[in-house]
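Just so it is clear, none of the values below were taken in a lab; they were calculated from the coordinates. Bear in mind the structure is a predicted one, so any value in this text is a computation, not a measurement. Quick reminder, even Gly has a Cβ in these numbers, built from the backbone with ideal geometry, and neighbours come from all protein chains shown.
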């Protein structure tokens, strides 16, 4: 999966416009990044990547790149 595909997946998850995310963007700059987004992200990782993320792990994410790097 390419970085672009991962970014598109996150944009769909966050219900934001395509091509609005980049890896350098801080999560505090993403309007829809909230507790519901964290839950959706954990579910997406479980479903799409068969990877279990804990809320504590998600809390360590500071940028979009931090999330993209875990999407394997």
So, relative contact order of the chain in percent, Cα under 8 Å, 6 or more apart, is 37 percent
Quick one: length gained pulling residue 4 to residue 70 fully straight, 0.36 nm per residue minus the C-alpha distance?
22.3 nm
Extension reserve of the residue 29-residue 13 stretch, reckoned as 0.36 nm per residue once the Cα distance is removed
4.2 nm
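Mind checking the full-extension length gain between residue 51 and residue 36? Use 0.36 nm per residue of separation minus the Cα-Cα distance, one decimal, nm.
Using 0.36 nm per residue and subtracting the Cα-Cα distance, I get 3.5 nm.
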Can you divide the C-alpha Rg of the chain by 2.2 N^0.38 Å and report the result to two decimal places?
0.98
Quick check on the exposure proxy: order 44, 36 from fewest to most C-beta atoms within 10 angstrom.
36, 44
